[in-house]
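> Below is one structure. I have some questions about it.
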Amino acid sequence: MIEPALSIKSLSKTYRNDVVALDGVDLEVETGDFFALLGPNGAGKSTLIGIATSLVNKSAGQVRIMGHDIDTHFSQAKSKVGVVPQEFNFNKFQPVLEILTDQAGYFGMGRRAARDAAEQCLHQLNLWKRRKQTPQELSGGMNRRLMIARALVHDPELLILDEPTAGVDIEIRRSIWDLMRRINEDKKTIILTTHYLEEAERLCRNIGIIDHGRIIVNTSMRKLLEKLKEESFILYLEGPVTAPLDLEDFSYKLLDAYTLEVVLSHGKTLHRLFDLLNRQAVTVLSIRNKANRLEELFLTLTGQSVEPS
Ligand SMILES: Nc1ncnc2c1ncn2[C@@H]1O[C@H](COP(=O)(O)OP(=O)(O)O)[C@@H](O)[C@H]1O
Ligand SMILES: [Mg+2]
């Protein structure tokens, strides 16, 4: 059996100020996946990542990275994961090559091996020409690439990026997308946090949606998009329904004898639905569009994504 890249069970986190950031999270990300963790600001994304990368202490629960428990097999777990944090945290005055060499050394490589790994990584990420420069001399896009290089220098199997495209212009965003795709094609598992649905849609195979410290959706991107295309309606009827209705391939449910809920999936029309109801002498008094929890959440998310962060 192949171990999942990340396995989280009943994970909770309460910060010292009594803020509950994670409230019983269960989540599994399979090896090789490109996974999106989508959620609005304050949902708990960075806390989850902080715990998975041993930067934040959890309050309760269990986390495994490639099968290694972060409590009982700390150093194995740590060596398998690379993280690109939400905020820049370099020494601005240290040359790029040294930053990467130090990072490799921090993962236990000898000086020579660390230097080789750093050089190779700079070539791969198109930063070789910049090796003697310092972060304060680099553009925003290059610094983002440097963050990714630093996360990859010890050759982890799982790469986690915490909102790597928040607040960057479209050109840099595209180049980060390409880079992440390449890394995933290179057999590394990727977990990306974002509050852009569009970004998750373009890149990711599977998705978890987190809100108020809870996972509210965990599915494949394809299924989620299909679900978003569906619309539900509540129909209030004049008389009671006493026998099963024939609504062909509309799926429906009777909430009570006078209230019908119908799902309108892609390509189906209300006209057709009313036609079928008419034939069975069912008269509709009024109709209401049933707001979908998911759609509401996405509105919030999309609303936030247009603001600079
Ligand atoms: N170090 C901290 N101390 C106290 N509360 C925190 C700390 N870090 C995050 N929080 C709170 O925990 C919640 C989740 O935050 P975070 O994990 O950063 O969410 P996200 O990354 O999804 O925006 C928020 O309410 C935030 O204010
Ligand atoms: Mg965050």
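> Looking only at region 1-38, filter to residues that are at pLDDT below 95 and among the charged types (D, E, K, R); which one of those is nearest to ligand 1 (Cβ to nearest atom)?
Going through the qualifying residues, I end up with Arg16.
> Follow-up question, since we're still on this one. Which is more than 24 Å from Phe34 (Cα to Cα), in contact (Cβ under 8 Å) with a residue 40 or more places away in the chain and buried (at least 22 other Cβ atoms within 10 Å of the Cβ), of Leu158, Leu100?
Values: Leu158 fails: more than 24 Å from Phe34 (Cα to Cα).
Answer to the check: Leu100.
> In the list Glu87, Glu98, which residue meets the criterion of being within 16 Å of ligand 2 (Cβ to nearest atom) and within 27 Å of Ala166 (Cα to Cα)? Break it down into steps so the answer makes sense when it comes.
Details: Glu98 fails: within 16 Å of ligand 2 (Cβ to nearest atom).
After applying the criteria, what remains is Glu87.
> When you check Glu199 against the structure, is it among the acidic types (Asp, Glu), within 13 Å of ligand 1 (Cβ to nearest atom) and buried (at least 20 other Cβ atoms within 10 Å of the Cβ), yes or no? Quick ask: steps written out before the conclusion?
Details: among the acidic types (Asp, Glu): yes; within 13 Å of ligand 1 (Cβ to nearest atom): no; buried (at least 20 other Cβ atoms within 10 Å of the Cβ): yes.
No.
> Further question on the same structure: Filter region 63-78 down to the residues that are part of a helix (DSSP H, G or I) and surrounded by 22 or more Cβ atoms within 10 Å (Cβ to Cβ) and list them by number. Write out each step before concluding.
In the first step, residues of region 63-78 are kept if they are part of a helix (DSSP H, G or I); the result is 74-78.
Correct list: Ala77 only.
> Another question about this same structure. Can you pull out the residues in region 168-194 that are over 18 Å from His123 (Cβ atoms) and more than 17 Å from the chain's Cα centre (by Cα)?
Matches in region 168-194: Val168, Asp169, Ile170, Glu171, Ile172, Arg174, Lys187.
Residue-by-condition table, conditions (1) farther than 29 Å from Arg173 by Cβ; (2) of a type in the set (D, E, K, R); (3) assigned by TED's automatic domain parsing to the domain that holds Lys45:
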{"site": "Gly239", "(1), (2), (3)": "yes, no, no"}
{"site": "Ala257", "(1), (2), (3)": "yes, no, no"}
{"site": "Val263", "(1), (2), (3)": "yes, no, no"}
{"site": "Phe274", "(1), (2), (3)": "yes, no, no"}
{"site": "Ile287", "(1), (2), (3)": "yes, no, no"}
{"site": "Lys290", "(1), (2), (3)": "yes, yes, no"}
{"site": "Thr300", "(1), (2), (3)": "no, no, no"}
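> Can I ask one more? Report yes if some residue within region 51-62 is among the hydrophobic types (A, V, I, L, M, F, W, C), part of a loop (DSSP other than H, G, I, E, B) and either open to solvent by 30 Å² or more (accessible area, probe 1.4 Å) or closer than 19 Å to Ser12 by Cβ (or both); otherwise report no. Can you show your working first?
First, pick out the residues of region 51-62 that are among the hydrophobic types (A, V, I, L, M, F, W, C): 51-52, 55-56, 60.
Those left that are additionally part of a loop (DSSP other than H, G, I, E, B): 55-56.
Going one step further and asking which of them are either open to solvent by 30 Å² or more (accessible area, probe 1.4 Å) or closer than 19 Å to Ser12 by Cβ (or both), we end up with 55-56.
Yes, some residue in region 51-62 is among the hydrophobic types (A, V, I, L, M, F, W, C), part of a loop (DSSP other than H, G, I, E, B) and either open to solvent by 30 Å² or more (accessible area, probe 1.4 Å) or closer than 19 Å to Ser12 by Cβ (or both).
Here's the yes/no breakdown for (1) closer than 21 Å to Leu161 by Cα; (2) more than 16 Å from ligand 1 (Cβ to nearest atom); (3) part of a strand (DSSP E or B):
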site: Gly208; (1), (2), (3): yes, no, yes
site: Val217; (1), (2), (3): yes, no, yes
site: Leu224; (1), (2), (3): no, yes, no
site: Lys227; (1), (2), (3): no, yes, no
site: Ser232; (1), (2), (3): no, yes, yes
site: Gly239; (1), (2), (3): no, yes, no
site: Thr242; (1), (2), (3): no, yes, no
site: Glu248; (1), (2), (3): no, yes, no
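> Among the residues of region 79-97, write down those that are within 30 Å of Gly42 (Cβ to Cβ) and surrounded by 14 or more Cβ atoms within 10 Å (Cβ to Cβ). Step through it out loud before you land on a result.
Filtering region 79-97 for residues within 30 Å of Gly42 (Cβ to Cβ) gives 80-92.
Within region 79-97, Lys80, Val81, Gly82, Val83, Val84, Pro85, Gln86, Phe90 qualify.
> When you scan region 68-78, do you find a residue that is in the same structural domain as Asp155 (by TED's automatic domain parsing) and within 21 Å of Ala149 (Cβ to Cβ), even just one?
Checked region 68-78: at least one residue is in the same structural domain as Asp155 (by TED's automatic domain parsing) and within 21 Å of Ala149 (Cβ to Cβ).
> Of the residues in region 117-133, how many are open to solvent by 70 Å² or more (accessible area, probe 1.4 Å) and either more than 28 Å from the chain's Cα centre (by Cα) or on the phi < 0 side of the Ramachandran plot (or both)? Let's see the steps before the verdict.
Pass one, region 117-133, residues open to solvent by 70 Å² or more (accessible area, probe 1.4 Å): 120, 123-124, 126, 128-130, 132.
Next cut, either more than 28 Å from the chain's Cα centre (by Cα) or on the phi < 0 side of the Ramachandran plot (or both) only: 120, 123-124, 128-130, 132.
Within region 117-133, residues that are open to solvent by 70 Å² or more (accessible area, probe 1.4 Å) and either more than 28 Å from the chain's Cα centre (by Cα) or on the phi < 0 side of the Ramachandran plot (or both) number 7.
> So how many residues does region 37-69 have that are hydrophobic (A, V, I, L, M, F, W, C) and more than 14 Å from ligand 2 (Cβ to nearest atom)? Before the answer, list the steps.
Going residue by residue through region 37-69, those that are hydrophobic (A, V, I, L, M, F, W, C) are 37-38, 43, 48-49, 51-52, 55-56, 60, 63, 65-66.
So of that shortlist, the ones also more than 14 Å from ligand 2 (Cβ to nearest atom) come out as 60, 63, 65-66.
Selection size over region 37-69: 4.
> If you don't mind, another one. Go through (1) within 16 Å of ligand 2 (Cβ to nearest atom); (2) out of contact with any His (no Cβ under 9 Å at 6 or more places or on another chain); (3) open to solvent by 20 Å² or more (accessible area, probe 1.4 Å) for Gly32 and report which single condition fails.
Result: Gly32 passes all but (1).
> Which of the residues spanning region 237-260 are over 16 Å from Asn278 (Cβ atoms) and not hydrophobic (A, V, I, L, M, F, W, C)?
Pro240, Thr242, Pro244, Asp249, Ser251, Lys253, Asp256, Tyr258, Thr259
The values are calculated or read from the model by the stated rules, or taken from the named source; none is laboratory data. Note that the coordinates shown come from a computational prediction; the quantities given were computed from them, not determined experimentally. Here the Cβ is made from the backbone with ideal geometry for all residues, glycine too, and neighbour counts use every protein chain on show. Ligands, DNA and RNA are excluded from the accessible area calculation, which covers all protein heavy atoms including side chains. Shrake-Rupley method; radii C 1.70, N 1.55, O 1.52, S 1.80 Å.
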